[in-house]
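Enquirer: After the structure tokens below, expect a handful of questions from me.
The values are calculated or read from the model by the stated rules, or taken from the named source; none is laboratory data. Remember, predicted model here, so these are calculated numbers, not experimental data. A quick note on method: Cβ atoms are made from the backbone with ideal geometry, for glycine too, and the neighbour counts reach across all protein chains shown.
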Amino acid sequence: MQFKNQLYQTMMGGDYAGEGDLIQLITDDEEETQQQPDHFATDIPILSVRNTVLFPGVVIPITVGRQRSIKLVKKAQKGDKMIGVCAQINPQNDDPAWEDIYHVGTLAKIIKMIVLPDGNTTIIIQGKKRFKITETLTEDPYFTARVEYLDENFPKNSRKIKALEESLKESAAKILHLNPEIPREAQVALDNIDNTAFLTHFLSSNINAPVEAKQRLLEINDGLERATLLLEFMMKDIQMLEIKSEIQKKVHTDIDQQQRDYFLRQQMKVLQTELGEEGPEKEVEELRAKGALKKWPKEVALHFEKELNKILRINPSAAEYPIALNYAETLVELPWNEYTEDNFDLKRAKAILDRDHSGLVKVKERIIEYLAVLKLKKDLKGPILCLYGPPGVGKTSLGKSIATALGRKYVRMSLGGVHDEAEIRGHRKTYVGAMPGKIIQNMKKVKSSNPVYVLDEIDKLSSDFRGDPSSAFLEVLDPEQNSSFVDNYLEVEYDLSKVLFIATANSLDTIQPALRDRMEIIEVTGYTMEEKLEIAKKHLVPKQRKEHGLKATDISFDKAALVKIIEDYTRESGVRTLERAIGKVIRNIAKSIAMEEEYSKKVTVQMVRKILGGEIFDKEIYQDNSIPGVVTGLAWTSVGGEILFVEASLSKGKGKLTLSGQLGDVMKESAMTALSYLKTKSDKLGIDYRVFDHYDLHIHVPAGAVPKDGPSAGITMLTAMASAFTQRKVKAKLAMTGEITLRGKVMPVGGIKEKILAAKRAGIKEIILCKNNQRDIEEIDTEYIKGLNFHFVDKVEEVLALALLKTKVDEPMQFTFPKEHGKEA
């Protein structure tokens, strides 16, 4: 050999028995390598190794840790240092038997032994001669076997061998060139090897091939055949390296900005992980886990998965990332097909409704009917109810009681002043600051697909250039359409059919007809004095007492005191003003308690007058009937029923009609109709026809600052005119409401209950109504109309007969007329 005992370190991609990747190569004289088998013992200890095959002439380090192997190495180290090395068939086997190792191996000499601190032993061995096990001798304390040494069959000075040697070197050089991980010093070692047998052993030991392939090379006796197979393995390795290099070059060439951003994001992800920050993948996985628990339709699930995949493709620093993430979070937070269980105990539901609200019989019956059908059918589309009535009668609070009775979640949406359609349908995702509409937002907040949903003040929706929100409600409040409601932001269908919508309104006139047609209108009329008294005792007084920090033992209200507040300090259909008045009384008591002053725990009528001052409303002003032409009428307003006066006066003139008091077109037409009727029936009524041409008529409705309109004042104006023209007084404590025609027919009007309550508050005893309004009276509890006398009429003559006294006033007006045809009138 050209050099002796020279140590080279190289790495050829193999996985060796040692704990490292480096192997050591020591080349010796050819004479030493080719020792005769007579010099070696035939009975030798056998060491089984994992993941490597030892070839003659090659030096490798091996770490031994099994007790059997340690005993073998220590024994050999004290003797001739010669051991047999065989590869294991299964490297995972920690306690191999004879059948678990290959029976062709290599005799090796222990060059050096190093004992490590952890108890393991590392030995550096050099392969000497191939052998074949012919007989197994012992297994304990370690393997020993009888072997037969195998000769190397390499023809010398053969052209074929020379060609193979050159091919092997060229292939090895090519591998070194293609694999940059191999140290450059390996090329020096190859250049200095001029022995074909050793070259074959060296390359066989270091090629990137499995143990089975290397063992196959070791077992071949013919050197030419072994070198040929080795070259075949090396060519395959070269092809793999070339393909790998080509792919790497192509990837490097084709890399674009998106891939570059991907790699940068991967690095950013690592940095975020180190800093304890969450990356997009974790957020997406959390959303995906939540989505797996949802009961949503298949189409929504596919859409959600598509959105998650889109998020993963977006750069977290891009403006679209938070938009896409918020959208996915909105989808997963909605209660898809998640329902609360309804309570079908109808008696309990009725008890709750009666406990929370006095009166409101129609509404309570409708809710009990809904529950009954739902109990029998198990599946019912939510009705669309519209509670219509004056303020303060409990329309909004009734929704909460219904939710309690049904055992459902409660949500309220105030529609007063809403003028943007996007408030209902949401914004499209392309807009800056896009979000779902209030309908979807509240569904997400309540976390149930069947809540009681109160749409407060639906009559106060407005519209402008942004759209018409009342038209957007056409889909929401249609039982046939709301099962597939589509929010502009959500983009997928959401089922609202199980929601119990309850709308509230003070007036139906401002609700568009198409929307009104979709709702079941339930009229919530005003409260009578008796109902207000019950509400005050059961609800208002305890509520105000609690809000002002008083105990039940600190204050109590006398019944007469509450009646005093209701009749003399409030005049409304609802109970809001009543609650404020009670609160004022309780605050006065609270002040006395806080200042440690003496006070009466029982609130009496005298205390009410002292605290609230003089009476605000005086019933006596509604009973004046001493002047002809003054008639009490009944009117409906958005805050309940009221009484109003129609005053008629005559003065000399030319038959001019004057109307004052901010009257609307309908009331003006009613006045003209009444005057035309009186002219045609003047003979029957005892009116001189000349008075219409020589006296001006002035009709006035007091409180001129308040606009008034409606069809309810027809018979009232007619009676006032007839009283003025005939100078006959109107019956005391009488009120009326109804429309008239030119033929003298009395027409029915609405708002009867509110008008009746207003009349009773004012001390009216008799009321004239159209016959067709008799059905409205029948719906009112007889307890509330006790003391009232109703007259149902069909013609104007009946009204005048009932309203006008037969005698004239004490000092009637004397009508005078100019002379006609030379005669005095």
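Enquirer: For segment 382-396, state whether one or more residues are surrounded by fewer than 15 Cβ atoms within 10 Å (Cβ to Cβ) and either in contact (Cβ under 8 Å) with a residue 12 or more places away in the chain or acidic (Asp, Glu) (or both).
Expert: No.
Enquirer: Please find, within segment 328-381, the residue that is nearest to SER397 (Cα to Cα) out of those that are outside any helix (DSSP H, G or I) and free of Cβ contacts under 8 Å to residues at least 24 places away in the same chain.
Expert: The residue in question is ASP345.
Enquirer: Which of the residues that make up segment 501-543 are within 19 Å of LYS400 (Cβ to Cβ) and either of a type in the set (Ser, Thr, Tyr) or in a helix (DSSP H, G or I) (or both)?
Expert: Those that are within 19 Å of LYS400 (Cβ to Cβ) and either of a type in the set (Ser, Thr, Tyr) or in a helix (DSSP H, G or I) (or both): THR504, TYR527, ILE535, LYS538, HIS539, LEU540, PRO542, LYS543.
Enquirer: Something else: Out of ASP456, ASP420, report the one residue that is buried (at least 17 other Cβ atoms within 10 Å of the Cβ), closer than 27 Å to THR510 by Cβ and at pLDDT 85 or above.
Expert: None of the other options fit; the residue is ASP456.
Enquirer: Looking at segment 123-159, which of the residues that are in a strand (DSSP E or B) and acidic (Asp, Glu) is nearest to the chain's Cα centre (by Cα)?
Expert: In this case the residue turns out to be GLU135.
Enquirer: Is there a residue being crowded, with 19+ Cβ neighbours inside 10 Å, closer than 18 Å to LEU490 by Cβ and in contact (Cβ under 8 Å) with a residue 24 or more places away in the chain anywhere in segment 317-327?
Expert: yes
Enquirer: Follow-up. From the list ARG260, ARG265, ARG226, pick out the single residue that is at pLDDT 80 or above, more than 30 Å from LYS444 (Cα to Cα) and part of a helix (DSSP H, G or I).
Expert: Going through ARG260, ARG265, ARG226 in turn, just one is at pLDDT 80 or above, more than 30 Å from LYS444 (Cα to Cα) and part of a helix (DSSP H, G or I): ARG226.
Enquirer: Now, a different point. Can you work out which of the residues in segment 581-622 that are of a type in the set (A, V, I, L, M) and modelled with pLDDT under 85 is nearest to ALA560 (Cα to Cα)?
Expert: ILE616
Enquirer: Here is a further query. Please find, within segment 499-518, the residue that is farthest from SER483 (Cα to Cα) out of those that are surrounded by fewer than 24 Cβ atoms within 10 Å (Cβ to Cβ) and among the small types (Gly, Ala, Ser).
Expert: SER507
Enquirer: Where residues in segment 207-223 are part of a loop (DSSP other than H, G, I, E, B) and in contact (Cβ under 8 Å) with a residue 12 or more places away in the chain, which of them is nearest to GLU148 (Cα to Cα)?
Expert: The qualifying residue nearest to GLU148 (Cα to Cα) is ASN221.
Enquirer: Counting only residues that are surrounded by fewer than 15 Cβ atoms within 10 Å (Cβ to Cβ), give me the helices (runs of 4 or more DSSP H) lying completely in segment 729-825 with at least 2 of them.
Expert: 774-778, 796-803
Enquirer: Checking the structure you have, find out if any residue of segment 88-102 is assigned to a strand (DSSP E or B) and either of a type in the set (Lys, Arg) or surrounded by 14 or more Cβ atoms within 10 Å (Cβ to Cβ) (or both).
Expert: Looking through segment 88-102, at least one residue is assigned to a strand (DSSP E or B) and either of a type in the set (Lys, Arg) or surrounded by 14 or more Cβ atoms within 10 Å (Cβ to Cβ) (or both).
Enquirer: Moving on to the next point. Of the residues that sit in segment 519-535 and are more than 18 Å from THR396 (Cα to Cα) and not acidic (Asp, Glu), which one is surrounded by the most Cβ atoms within 10 Å (Cβ to Cβ)?
Expert: Among residues in segment 519-535 that are more than 18 Å from THR396 (Cα to Cα) and not acidic (Asp, Glu), the one surrounded by the most Cβ atoms within 10 Å (Cβ to Cβ) is THR528.
Enquirer: Does segment 404-440 hold any residues that are more than 21 Å from ASP468 (Cα to Cα) and either in contact with a helix residue (DSSP H, G or I) (Cβ under 7 Å, 6 or more places away or on another chain) or part of a helix (DSSP H, G or I) (or both), and which are they?
Expert: Selection gives THR404, ALA405, LEU406, LYS409, TYR410, VAL411.
Enquirer: If you go through segment 466-477 one residue at a time, do you hit one that is among the aromatic types (Phe, Trp, Tyr) and part of a helix (DSSP H, G or I)?
Expert: For segment 466-477, residues among the aromatic types (Phe, Trp, Tyr) and part of a helix (DSSP H, G or I): present.
Enquirer: For segment 639-653, which positions are over 20 Å from GLN727 (Cβ atoms) and either among the acidic types (Asp, Glu) or in contact with a His (Cβ under 7 Å, 6 or more places away or on another chain) (or both)?
Expert: GLU642
Enquirer: Looking at (1) farther than 17 Å from VAL499 by Cα; (2) touching a residue at least 40 places away in the same chain (Cβ under 8 Å), can you tell me which one GLY437 breaks?
Expert: (1)
Enquirer: So, one more: Could you list all residues from segment 549-568 that are surrounded by fewer than 21 Cβ atoms within 10 Å (Cβ to Cβ), part of a loop (DSSP other than H, G, I, E, B) and in contact with a helix residue (DSSP H, G or I) (Cβ under 8 Å, 6 or more places away or on another chain)?
Expert: Once the filter is applied, which keeps residues that are surrounded by fewer than 21 Cβ atoms within 10 Å (Cβ to Cβ), part of a loop (DSSP other than H, G, I, E, B) and in contact with a helix residue (DSSP H, G or I) (Cβ under 8 Å, 6 or more places away or on another chain), segment 549-568 yields GLY549, LEU550, LYS551, ALA552, ASP554, ASP558.
Enquirer: Kindly provide the set of residues from segment 139-158 that are at pLDDT 90 or above and out of contact with any Lys or Arg (no Cβ under 7 Å at 6 or more places or on another chain), ordered by number.
Expert: PHE143, THR144, ALA145, ARG146
Enquirer: Tell me which of these GLY710 doesn't satisfy, since it passes every other one: (1) in contact (Cβ under 8 Å) with a residue 60 or more places away in the chain; (2) part of a helix (DSSP H, G or I).
Expert: With respect to (1) in contact (Cβ under 8 Å) with a residue 60 or more places away in the chain; (2) part of a helix (DSSP H, G or I), GLY710 is out only on (2).
Enquirer: Here are some residues: ILE555, ILE521, ILE586. Which one is in contact with a strand residue (DSSP E or B) (Cβ under 6 Å, 6 or more places away or on another chain) and not hydroxyl-bearing (Ser, Thr, Tyr)?
Expert: Just one listed residue meets the conditions, ILE521.
Enquirer: Hey, any hits in segment 340-348 for a residue that's acidic (Asp, Glu) and under 23 Å from LEU540 (Cα atoms)?
Expert: Among the residues of segment 340-348, not one is acidic (Asp, Glu) and under 23 Å from LEU540 (Cα atoms), which makes the answer no.
Enquirer: Could I ask something else about it? Name the one entry in GLY655, GLY704 that is more than 30 Å from ARG761 (Cβ to Cβ) and either loosely packed, with under 15 Cβ neighbours inside 10 Å or aliphatic (A, V, I, L, M) (or both).
Expert: Result: GLY655 is the single residue among GLY655, GLY704 that is more than 30 Å from ARG761 (Cβ to Cβ) and either loosely packed, with under 15 Cβ neighbours inside 10 Å or aliphatic (A, V, I, L, M) (or both).
Enquirer: Restrict the check to segment 477-490 and report whether at least one residue is closer than 25 Å to VAL393 by Cβ and in contact with a helix residue (DSSP H, G or I) (Cβ under 9 Å, 6 or more places away or on another chain).
Expert: Yes, the conditions are met somewhere in segment 477-490.
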